[in-house]
1. Here are some residues: Ile75, Ile53, Ile67, Ile89. Which one is closer than 30 Å to Ile385 by Cβ, modelled with pLDDT of 95 or more and assigned to a helix (DSSP H, G or I)?
2. So the check is Cβ under 8 Å with 6+ separation or different chains; which pairs have a first residue in segment 190-218 that's among the hydroxyl-bearing types (Ser, Thr, Tyr) and at pLDDT 95 or above and a second one that's outside any strand (DSSP E or B) and crowded, with 24+ Cβ neighbours inside 10 Å?
3. State all residues of segment 236-270 that are of a type in the set (Ser, Thr, Tyr) and either closer than 30 Å to Lys458 by Cβ or touching a His at 6+ places or on another chain (Cβ under 7 Å) (or both); if no residue qualifies, say none.
4. Name every residue in segment 106-131 that is within 15 Å of the ligand (Cβ to nearest atom) and part of a helix (DSSP H, G or I), in order of residue number.
5. Which helices (runs of 4 or more DSSP H) sit wholly inside segment 141-223 and have at least 2 residues that are not assigned by TED's automatic domain parsing to the domain that holds Leu376?
6. Being within 8 Å of the ligand (Cβ to nearest atom) and of a type outside the set (A, V, I, L, M, F, W, C) is the filter here, so list the residues in segment 223-240 that pass it.
7. When you scan segment 178-201, how many residues do you find that are more than 16 Å from the ligand (Cβ to nearest atom) and either of a type in the set (Lys, Arg) or surrounded by 19 or more Cβ atoms within 10 Å (Cβ to Cβ) (or both)?
8. Could you please find all residues in segment 321-369 being outside any loop (DSSP other than H, G, I, E, B) and over 28 Å from the mean Cα position of the chain (by Cα)?
Amino acid sequence: MRAVIIKLSVLLTLVLSFYSCSDNPKEKKNILVNQAQEVFTVPKRAAGQKDVIELTCEPIDTVRMAIIGLGMRGIGAVNRYTFIENVKIVALCDVVPENVEKSQQILIDKGFPKADSYTGEEDWKKICERTDIDLIYVCTHWDLHTPIAVYAMEHGKHIATEVPAALTIAECWQLVETAEKTQKHCIQLENCIYDFFEITTLNMAQQGLFGEIVHAEGAYIHDLRWLNFEENRGYWNMWRLKHLEKTDGNTYPTHGLGPVSHVMNIHRGDKMNYLVSMSTNQFGMSAYAKKKFGDSSDYAKRNYQKGDMNTSIIKTEKGKTIMLQHDVTSPRPYSRLHTISGTKGFVQKYPREGIALDPNAHHFLSDEKRDSILKLYVHPIVKDIEEKAKEVGGHGGMDFIMDYRLIYCLRNGLPLDQDVYDAAEWSSIIELSKISATNQGISLKIPDFTRGAWDKVKKVTYYQK
Ligand SMILES: NC(=O)c1ccc[n+]([C@@H]2O[C@H](COP(=O)([O-])OP(=O)(O)OC[C@H]3O[C@@H](n4cnc5c(N)ncnc54)[C@H](O)[C@@H]3O)[C@@H](O)[C@H]2O)c1
């Protein structure tokens, strides 16, 4: 049905564009005016339902939490939370009993009481239904993020879910509707906004160092071929490979998009309006599978849908652009780009950290000057916890800052650093980029998940008491 709607709307655009071309007769023949397609309409907010911009909830003195999904990422979370005060892990859940046992052992080794163990496929429902839990932390494979988040909020819990929070636009709306109906926090655990360089550049941007931000770039370029094809020690049930097999587009947009969205105050004064996206064909996975398993192997013969490199460009209401890339199947150095370009200066994280400022922006500042600026602009929320974050670790410390901030805000009744609209906006790129990339890069409208509230506050704030 969706494919039919897209085809009809493309046809309609072409017909309309025939009648609305440029005045220049030469151009008339060649240029077709393409308007962004509204494939996904914005549902009306129910009467009486309120937005959750800057949502605050009752402070929670000791945060009682459950962690669901204890694989590579979840076990790390259990460990990190043992370093945070005023947290009680009351339930641990995974369908692999050994993962639950290993997580329990972390608690025991650190001198904490064991949590309740759950190992059934639908035990996450039982956890959501409990009345002695404040926060549910989801670290499962992607398909369960939205179902658990929605059920948890419906049962009165705050929800923190690993990235991406949702896989489709329909799931994005489920998160938004449920968060608004229940007035519960729904935070996507986008740790990259807290990486030391990224959060420092946010502070620099907010202090005006780069002037008006005009353009930004983010990416997730990470050679994951070996892990995707790892049958025993990799992802549970090879879930990540299955996604690459069935879908094109940007399947993991939030690490690149999150930090630059906050720099650009998305839904805090600006909003993402439309997107175009293109993918290369798929080469890398087949080549890798042939090399690793042989030409006649099942893996080599599979029809992987995911083009190696996907590039999307987003235009905002205020006329700025964001370029976003995704490639997990090419032999390349790791990169999230994190490039910010403004009217007064420029900063990039990859392939090397560099700052360039007017009037000498033709060259990067020296490393010494760059480092002294980075030191000067350390974000206020990082100052007190920088050392501890580096000691506890988790991607160099950003994971700990994320956990710390979540608990700090819940304990103090403050708005969280990310909200459900961030979760929906950043995750929505998955389905939008897929549709655009598989339809010759058509321009698609990005739904306004705030339904008009995107201009209510004017900048991103990470609150402190
Ligand atoms: N933010 C980051 O930097 C970062 C890094 C790695 C992974 N992640 C995200 O974390 C999530 C988990 O990734 P991972 O690498 O740990 O994958 P994984 O496959 O190692 O872990 C997934 C876990 O979910 C469990 N599970 C499956 N079905 C379940 C069910 N019905 N109930 C409870 N548990 C169930 C599996 O047994 C497995 O232990 C993914 O969403 C991934 O994108 C984020």
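The values are calculated or read from the model by the stated rules, or taken from the named source; none is laboratory data. On a predicted model such as this, the values are computed, not experimentally measured, just so you know. For neighbour counting, all protein chains shown are included, and Cβ atoms are generated from backbone atoms with ideal geometry for every residue, glycine included.
1. The conditions single out Ile75.
2. Taking only residues 6 or more apart or on different chains, the pairs are Tyr194/Ile401; Tyr194/Met402; Thr201/Pro259; Thr201/Val263; Thr201/His338.
3. Selection gives Thr251, Tyr252, Thr254, Ser261.
4. Those that are within 15 Å of the ligand (Cβ to nearest atom) and part of a helix (DSSP H, G or I): Ile106, Asp123, Trp124, Lys125, Lys126, Ile127, Cys128, Glu129.
5. Counting at least 2 such residues, we get 145-154, 169-182.
6. Hits for segment 223-240 are Gly234, Tyr235, Asn237, Arg240.
7. Counting residues in segment 178-201 that are more than 16 Å from the ligand (Cβ to nearest atom) and either of a type in the set (Lys, Arg) or surrounded by 19 or more Cβ atoms within 10 Å (Cβ to Cβ) (or both) gives 9.
8. Once the filter is applied, which keeps residues that are outside any loop (DSSP other than H, G, I, E, B) and over 28 Å from the mean Cα position of the chain (by Cα), segment 321-369 yields Leu357, Asp367, Glu368, Lys369.
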